[in-house]
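Below is one structure; the comments refer to it alone.
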Amino acid sequence: MIKVGQINHLEVVKKADFGVFLNAGDYGTTLLPNRFVPEGTEVGSSIDAFLYFDSDSQIVATTETPIAQVGEWGLMQIEGVNSTGAFANWGIKGKDLLIPFSEQRSRFSEGQNVLVYVYTDKASGRIVGTTKFNKLLDKTPATYTKNEQVDLIIAERSDLGYKAIVEGKHWGVIFKSDVFGKLFIGKKLKGYIKNIRDDGKIDLSLQKVGVEKMDDLSEKIMELLEKKGGFLPLNDKSSPEAIFSAFRTSKGTFKKSIGGLYKKGKIVIDKEGIRLA
């Protein structure tokens, strides 16, 4: 089934001097200009192409990859604003994404970077963006379990820390005390369910919680030590940045893990780093 606003696997049905024509199903055929046609393409070949509507509501194909397809979130820069709304750089040359005023939580200005959800407006059939995420999220009960790994998108800063979109379905919060490394709006990363409160709100962590977290990190430390010949230039005096770069964890958690490994006689800690015992 052909999906406009997404990448489709389309067959080449005709070649011309200026490009090739692709079979777009119920939409007929659409031209893929020569600048997008892979070398060696022949009639019968298949091409992964992104489909969208131009300003005349005609279907257009490109091999450019948008920042976000329909049904996805993406961080985009506002290119301009007019009486209709704001236009964001979608990653498609010559085609910006409209964010109508009615879909903006606050008015945007040129040059601003915003997290946008891309969808097809049912009334007009146009592909547009929205920043009103509340209408999209928390529509179903959260059924996650503690320490379950989930996909996150950092969506907002708050007084508590950061609000994140969990699995594209729910809101969650990463408290300041659980933040380490660089977080920014639009960043996609893995996280863990820390707690689901009685009111259904979700607390998140960037690392496993409790004993499981420690065991998981200890395994990673031992694996990396073996790969690196039994030595790592990291210890309890190392910078938080160096530890995060190696293990994507906080310095406090790292110190507890190597302390546990030391007590078990698995490693030696010295001023240069840690070594396999």
Length-normalised contact order of the range 92-243 in % [C-alpha pairs under 8 Å, at least 6 apart]: 16
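Please identify the chymotrypsin sites (Phe, Trp or Tyr not before Pro) of the range 155-233 that satisfy two criteria: DSSP loop assignment and at most 12 other Cβ atoms within 10 Å. Which are they?
Numbers: sites: Tyr162, Trp171, Phe175, Phe180, Phe184, Tyr192, Phe231; in loops: Phe180, Phe184.
Passing sites in the range 155-233 are Phe184.
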Among [x] 0.95; [y] 1.10; [z] 0.99, the entry that matches Rg/Rh (Cα atoms, Kirkwood Rh) as calculated here: [y]
Dmax and Rg, reported as Rg then Dmax, of the range 181-277 (C-alpha, Å): 15.1, 49
Amide hydrogen neighbours beyond the local backbone of Ile267, cut-off 5 Å, H modeled: Tyr262, Ala277
Positive dipole terminus of the chain, leading residue within Gly111, Pro240, Leu98 (C-beta point charges): Pro240
Angle between the chain longest axis and helix 211-227 axis [Cα atoms, degrees, rounded to 10]: 90
Separation of alpha-carbon centers, the range 214-239 and the range 76-146, rounded to whole Å: 42
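For the chain, what does the helix formula give at 222 nm: sum of -39500 (n - 2.57) over DSSP H segments with n ≥ 4, over the residue count, nearest 500 deg cm²/dmol? List each step's numbers first, then the result.
On the way: 3 runs with 38 residues, N = 277.
Computed mean residue ellipticity for the chain: -4500 deg cm²/dmol.
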In order through the range 42-59: 3J(HN,Hα) via Karplus (6.51 cos²θ - 1.76 cosθ + 1.60), integer Hz, x for Gly, Pro: 10, 4, x, 5, 10, 10, 7, 10, 8, 10, 8, 9, 7, 5, 9, 6, 9, 6
Nearest-ten-degree value, helix 251-263 long axis tilted from longest Cα axis of the chain: 50
Neighbour cut-off at most 15 other Cβ (10 Å), DSSP loop, trypsin sites (Lys or Arg not before Pro), the range 1-59: Lys3
Qualifying chymotrypsin sites (Phe, Trp or Tyr not before Pro) for the range 1-52 [loop in DSSP, other Cβ within 10 Å: at most 11]: Phe18
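Enter the mean projected area of the convex hull around the alpha-carbon atoms of the range 137-186, in nm², rounded to one decimal.
On the way: hull surface 15.2 nm².
For the range 137-186, the mean projected area of the Cα convex hull comes to 3.8 nm².
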Percent accessible area from carbon and sulfur atoms, the chain, protein chains only, probe 1.4 Å: 48
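Hey, what's the Cα Rg ratio for the range 1-67 versus the globular rule of thumb, 2.2 N^0.38 Å?
Numbers: Rg = 10.9 Å, N = 67, 2.2 N^0.38 = 10.9 Å.
So the range 1-67 has a normalised radius of gyration of 1.00.
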Relative contact order of the chain, defined on C-alpha pairs under 8 angstrom at six or more residues apart (%): 10
Karplus (6.51, -1.76, 1.60) ³J(HN,Hα), θ = phi - 60°, over the range 152-165, in Hz, Gly and Pro reported as x: 10, 10, 6, 10, 8, 8, 9, 5, 7, x, 9, 8, 10, 8
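Going from the alpha-carbon gyration tensor of the range 226-277, what semi-axes, largest first and in whole Å, does one get by taking the root of 5 times each eigenvalue?
On the way: eigenvalues 54, 31, 19 Å².
They are 16, 13, 10 Å, listed largest first.
Report the relative contact order of the range 1-105, percent, no decimals, based on alpha-carbon pairs under 8 angstrom and at least 6 residues apart. Before the final figure, lay out the partial values.
Working: 185 pairs, mean separation 21.3, N = 105.
In percent, rounded to a whole number, it is 20.
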Pairs of alpha carbons in the range 13-132 whose separation is greater than 19 Å (percent): 50
Three-way shape call for the range 133-244 based on the alpha-carbon gyration tensor, with the a/c threshold at 1.5: prolate
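The values are calculated or read from the model by the stated rules, or taken from the named source; none is laboratory data. As the structure is a computational prediction, the values presented were derived from the model and not from experiment. Counting neighbours? That spans all protein chains shown, and the Cβs are built from the backbone with ideal geometry, glycine included. In case anyone asks, the SASA skips ligands and DNA or RNA and just uses the protein heavy atoms, side chains included. Shrake-Rupley method; radii C 1.70, N 1.55, O 1.52, S 1.80 Å.
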